[in-house]
Every structure is written in C-alpha cells, then in structure tokens.
Amino acid sequence: APFIMFATESVLVLTYNASLLRYGGDMAVGMMTILSTLMQFLMLPAQGLAQGAQPIISYNYGAGNAARVKEAFKRLISTAFGITLLIYILVLAGSKYVILPFTADAELTKLTVWGIRIYFSAGILIGIQMASLQTLMALGKAGTSTFLSLLRKVFLLIPFIYIFPGFIEDKVFAVILAEPVADVISVSATIIIF
C-alpha cells in the first residue's frame, strides 16, 4: 500500500506539471512546485502521527482490546486534525511569508498566493484522511486503504485535472481546483467506508 501511494504521487506531479505548463506556462509550474511543497508541510505531520499510531492500534486490535483501539484512533484523528488545522491556518494567514523561501519574484508570489487559496481550500481534511488510511492498514485492511488512496489520486484527482479545464474558462484555476474537489469527495468516501 505505501509503495502504491508514493508511486501515484509521482504520476500526479507529472500530470499537474504537464497540464499547468500547457495552460499557464512556466509561472504556473513554478506555482505548483511551491504549492506541492507546502502541501507536504501539511501532510507529513499527520502522516507521521498516523504511522506512529499504527503499532499501538495494531497491537490492541490483535489483542482484542477494542476499547483501546477506539481510544487510540480518537486521539490520533483529533491530534492529526488539530495539527493539520494549525498548519492550514498558518499557511493561509501567512501565505505571502511562507512563499518567501521559495521565490522573490513578485509575479510568482502573487500567483502562488492566489493558488494557495484554491489548492488548500480543503486542506483541513488531510489529517482525517491520513489518520483513517493508516488506521485501516493497522487493522489489516491494506486493500481498503490502498483503494481509498487510489480513489483520491488516480480515480478522481488525475481525471479532474484533465476534465475541469474543458468546463471552466480559467484553465489554471480549473487544474488547481481539482485538488480540493478530489479531497472533499475522497475524504467523504473514507469517512463513510471507515
């Protein structure tokens, strides 16, 4: 499951770059590079917490201690959501400042600040997604976890990157919009299935 998740991430980056190069040129690709890096700052803490909780959840699941599994999951999801929410607020509130390490170009900064508002609009859901996917793996449901990860990236996000520009006049906006739309749908599906 982790291999598939990381491999699809590479395909996703190629898809974004190809579409943005076509519709917005080098500046749009530069924006996506910054957005992708900032998204890693949002995702990695939640993913690290979730991976750290896996042995605890898995051990208690194997021991038949359902109460501890539920308690560990509640703590994991609330902590992952809280950290994701904090980083989300910091990135949105300080978007001009979080971009500074990446570029001094005024035009790229302006475009990236605009892109952050769209690309991160469903970012607070990432903690829920990470906690749920890693917990499913801890419960021996790697197939379900893999499917839900593929749902977000392969079945929703990549097609949306190609489909949305056909229906939305601002093509760069359409490509960036694919991320939050895929996040909302996939996190909703994850919650229902979980």
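Worth a mention:
- In summary, the helical segments of the chain meeting the span-like criteria, namely a full DSSP H run, a Cα extent along the axis of 27 angstrom or more and a mean Kyte-Doolittle hydropathy of at least 1.0, are 66-93, 171-193.
- Loop-located chymotrypsin sites (Phe, Trp or Tyr not before Pro) in segment 113-178 (DSSP state other than H, G, I, E, B) with a sparse environment of at most 11 neighbouring Cβ atoms within 10 Å: F167.
- Close amide H partners of N65, meaning residues 5 or more places away or on another chain with modelled amide H under 5 Å apart, do not exist here.
- Charge dipole magnitude, Cβ of K and R +1, D and E -1 - segment 87-194, Cα centre, debye nearest 20: 240 debye
- Accessible surface of segment 139-194, 1.4 Å probe, proportion on carbon and sulfur as whole %: 74 percent
- Gain on full stretching of the segment that runs from F6 to F167 - 0.36 nm per residue minus C-alpha separation: 55.0 nm
- Averaging the Cα positions of each part gives two centres, and for segment 153-194 and segment 48-122 these lie 19 Å apart.
- The equivalent ellipsoid of the chain has semi-axes of 32, 18, 12 Å, largest first, where each one is the square root of 5 times an eigenvalue of the Cα gyration tensor.
- Shape class of segment 127-194 from the Cα gyration tensor (axes a ≥ b ≥ c, square roots of the eigenvalues): prolate, since a/c reaches 1.5 or more and a/b is larger than b/c.
- Computed over protein heavy atoms with a 1.4 Å probe, the accessible surface of the chain works out to 49 Å² per residue.
- Two-site label geometry, K74 and V154: point separation in nm, points 7 Å out along Cα→Cβ: 3.6 nm
- Over the residues of the chain, the helix contribution to mean residue ellipticity at 222 nm works out to -28000 deg cm²/dmol, using -39500 (n - 2.57) for each DSSP H run of at least 4.
- GNM flexibility winner over the chain from I128, I99, I168 (Cα, springs under 10 Å): I168
- Charge sum, other residues only, whose C-beta stays under 14 Å from A53's C-beta, Lys/Arg counted +1 and Asp/Glu -1: +3
- On full extension, the segment bounded by A67 and E107 gains 9.1 nm, given 0.36 nm per residue less the C-alpha separation.
- Trypsin sites (Lys or Arg not before Pro) within segment 105-157: DSSP coil, no more than 14 neighbouring Cβ in 10 Å: none
- Here K96 and V13 are evaluated by their C-beta separation; at R0 = 35 Å the FRET efficiency comes out at 0.90.
- For the pair I89 and V29, label points projected 7 Å from Cα toward Cβ lie 3.8 nm apart.
The values are calculated or read from the model by the stated rules, or taken from the named source; none is laboratory data. None of these values were measured; they are calculated from a predicted model. Backbone-built Cβ (ideal geometry, glycine too); neighbour counts: all protein chains shown. SASA here: full protein model, heavy atoms, side chains in, ligands and nucleic acids out. Shrake-Rupley method; radii C 1.70, N 1.55, O 1.52, S 1.80 Å.
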